[in-house]
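Read through the structure below, which is laid out as structure tokens, and then see the notes.
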Amino acid sequence: MNVETFKYDNRIVRAFAIATVVWGIVGMLVGLLAAVQLFFPDANLNLQFITFGRIRPLHTNAVIFAFVGNGMFMGIYYSLQRLCKARMFSDFISWFHFWGWQSIIVSAALTLPLGFTTSKEYAELEWPIKIAIAVVWVAFTVNLIGTILKRREKHMYVAIWFYLATALTVAVLHVTNSMTMPAGWFKSYSMYAGVQDALVQWWYGHNAVAFFLTTPYLGLMYYFLPKAANRPVFSYRLSIIHFWGLIFLYIWAGPHHLLYTALPDWAQSLGMVFSLMLIAPSWGGMLNGLLTLRGVWDKVRQDPVLKFMVVAVTAYGMATLEGPVMAIKTVNSLSHYTDWTVAHAHSGALGWNGFLTFSMLYFLFPRLYKTQLWSTKLANYHFWIGLLGIMFYIIPIYVAGITEGLMWKQFNKDGFLQYPNFLETIVQIVPMLRLRAIGGTLYLVGVFMMAYNLYRTAKAGEFEPDTEVQAAPMEKTVSAGAHGKLSWHRMLEGKPMLFTVLAVVAILIGGIVEIIPMYLVRENVPTIASVHPYTPLEVLGRDIYIREGCLGCHSQMIRPFRSETERYGEYSKAGEFVYDHPFLWGSERKGPDLAREGGRYPDAWHYNHMDDPRSTSPGSIMPRYPWLLTQKMEMDSLPWRLSALRRVGVPYPAGYENGPAQKDLQAQAEKIVANLKLGSVNAEPDKDIVALIAYLQRLGTDIKNAPVTTAAK
Amino acid sequence: MEQKVICGIEGVGIYGVISILICFTFFTGTFLWVICLKKNYLKHMEALPLDGSEKNSTDKNQPTKL
């Protein structure tokens, strides 16, 4: 028999492993800083670059794309070579992928604190970085498919299917959601507006969770769990159903992030139903993972790798049961915009992604360095402190979320809101926010312990850059003889390109059925005659709102509940957002909804509130924004911004940006300065705060019956 | 308002029916597919991650001193 000798590339695996640990620590530290600011706002040290609104996206991007991203690549590069019995397709592409990905992370770490953001959750990075992501992702996909094509093993194990689905779907999602019109090097406006933008964003956002945080990690689970337990997967049949069921259903569920919003009811119901159906494949997968350990539970007691895996798979099961439950409209009416969502996200991120990543690191380091783990005891301590950290994190935040939701909805016996002041609901949960930070600290301490343990393991062993192995080349034709009659399935997974096409079709069906009606809706969104484009000053103000990440805490979407209309005013209509590029509905309320903020307070109130929120709202947890009072607004870029907005469909007259816009801006700014004087505030018309006040006073005023002025009241 | 928007789409009701039909067909097909798989093939696939072509002394994860 012809046997070939070849080498697995361990260097690339080690590089991604180190990056996973480093970025994991960075991302979690930033998360901890953000968590502390929620009960101690001055922890931003009055620096705009590390204020909550800017570092929240930095935290989410760092833990998702840097920590989990590098962890995913680490596991894929290790397992793919072994499952394919082939070295990676190209060493050059592997390293291009590695350094490209790290460069993207560094650019994110620089641009997000600087306020360069699109504001779309998990897709905040500006257009040049988005292009870089696409290029690096294509390189990864080429390397993945190239390796599969040159494999020596005839069949593609189910883990590889998950990797393929990840690579292809993330590419489709990223490109679709990144359609933006540049307005300078680090500013762009979404091609979509309002309702359409919201649907595309959450179609992306939900599936970023599905295809970045879930499917690749399921592939890794199907490889590393049997490997660590030294037992075959419980049911390969179930893994097939898990795969096809999951990738087919996941893509439909995005609208569950927009229940009771101005998104059409039909799309909302679709999102809800498909989310509920997702329980079936998700739990099939979880049980498949746990049942793989049948007969070896004694090993779980000793081996930290398996311990981490068991909790990870259990957390996957819990999160995938809770997610569909939260997608039920009645449950969602309570949970949405509250910390419940944050708790749900973190039970998945800390439990599923975090613990599975740790288990892979503990599995890989001894193997890469040809030694044993330096300290199993320390790894066990890490396990327990990490588990405690998760509990201390999520339990208080669940309590906080449910408390918020109930308090927002509570009416007294006379039919008035029990807690009409939003601040009352925040003050109530501050102790829980403190406990959450303790939980996060414990989790992070565990990660430091792991980093030290892995470092000592590496020091004790000797790194093996390449592992030499032997295997027979793959037969050129798929033989029907070895396993009886050739089945359709075996033929399919013997042909990776056909398999890839079918997987793409499976994910596209859901996307198409959802998004095509939304384009039809575009033609049918009732035009509200009084809704008109933002003035130039309001455009700059809106961009400051985006830059400071205000939507991290303030929604702009009043749901059609009495508890919301009593508190905030008329519920939001789809037609109000036709000029919103991007939409700014938000997903979390740590402050009140701002959809009808216009005219609620005098200009001077906003000025003082931005300077020191606690001067107008004692007990507020909002950070101070003193720099807005002194920084000049970006007048030079106004023509770029207006012409980019015109290109995406906002009807500014041709040439408006070259003169008339500046005049209009000046006039509106002078008016606000005059209003501020009435409130005993002296401000200059070219400062950021003036633009922001103009935008805030505009919010929701288009459909109010009486014209609202920005005059001090 | 949302109802009016949706009703404005011609034949919108068909989308719900199509969605359910697609799902039903998809899962029935997948279920039949896996039922028909041969045992030998499944055994081979299950064993793929456990392929022992790499020898490593750390597989047993022996506890070590702190």
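Here are the numbers for this structure:
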quantity	calculated
Some residue of the stretch A:404-425 being charged (D, E, K, R), surrounded by fewer than 21 Cβ atoms within 10 Å (Cβ to Cβ), more than 30 Å from A:Pro613 (Cβ to Cβ) and more than 14 Å from chain B (Cβ to nearest Cβ)	yes
Flag for A:Pro526 being within 10 Å of chain B (Cβ to nearest Cβ), modelled with pLDDT under 70 and buried (at least 17 other Cβ atoms within 10 Å of the Cβ)	no
Test result for A:Val209, surrounded by 24 or more Cβ atoms within 10 Å (Cβ to Cβ) and in a helix (DSSP H, G or I)	no
Members of the stretch A:552-594 that are among the aliphatic types (A, V, I, L, M) and either within 17 Å of A:Leu423 (Cα to Cα) or assigned by TED's automatic domain parsing to the domain that holds A:Met181 (or both)	A:Leu594
Any hit, the stretch A:466-486, residues being within 24 Å of the chain's Cα centre (by Cα), outside any loop (DSSP other than H, G, I, E, B) and either within 10 Å of another protein chain (Cβ to nearest Cβ) or at pLDDT below 95 (or both)	no
Selection from the stretch A:618-664 of residues that are assigned to a loop (DSSP other than H, G, I, E, B) and of a type in the set (Asp, Glu)	A:Glu634, A:Asp636, A:Glu657
Flag for A:Gly219 being modelled with pLDDT under 90, assigned to a helix (DSSP H, G or I) and not charged (D, E, K, R)	no
The stretch A:269-306 - residue that is in a helix (DSSP H, G or I) and of a type in the set (Ser, Thr, Tyr) and, of those, nearest to the other protein chains (Cβ to nearest Cβ)	A:Ser269
Residues that are at the interface with chain A (Cβ under 9 Å from one of its Cβ atoms), aliphatic (A, V, I, L, M) and out of contact with any helix residue (DSSP H, G or I) (no Cβ under 7 Å at 6 or more places or on another chain), drawn from the stretch B:19-37	B:Ile20, B:Ile35
Set A:Ile247, A:Ile241: member being within 23 Å of A:Thr500 (Cβ to Cβ), of a type in the set (Val, Ile, Thr) and more than 7 Å from every other protein chain (Cβ to nearest Cβ)	A:Ile247
The stretch A:573-600 residues that are within 14 Å of chain B (Cβ to nearest Cβ), paired with ones that are of a type in the set (Val, Ile, Thr) (beta carbon under 6 Å, 6 or more apart)	A:Ala574/A:Val195; A:Ala574/A:Val525; A:Gly575/A:Val525; A:Gly575/A:Ile528; A:Glu576/A:Val531
Set A:Trp266, A:Trp252, A:Trp202: member being touching a Gly at 6+ places or on another chain (Cβ under 7 Å), within 17 Å of A:Gly510 (Cβ to Cβ) and either within 8 Å of chain B (Cβ to nearest Cβ) or surrounded by fewer than 23 Cβ atoms within 10 Å (Cβ to Cβ) (or both)	A:Trp252
Filter result (within 14 Å of another protein chain (Cβ to nearest Cβ), among the β-branched types (Val, Ile, Thr) and in a helix (DSSP H, G or I)) within the stretch A:321-379	A:Thr376
When residues of the stretch A:150-178 are limited to those that are more than 14 Å from chain B (Cβ to nearest Cβ) and in a loop (DSSP other than H, G, I, E, B), the one farthest from the chain's Cα centre (by Cα)	A:Lys150
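The values are calculated or read from the model by the stated rules, or taken from the named source; none is laboratory data. Please read these numbers as outputs of a predicted model, since none were measured by experiment. Every residue, glycine among them, receives a Cβ derived from its backbone with ideal geometry; neighbour counts consider all protein chains shown.
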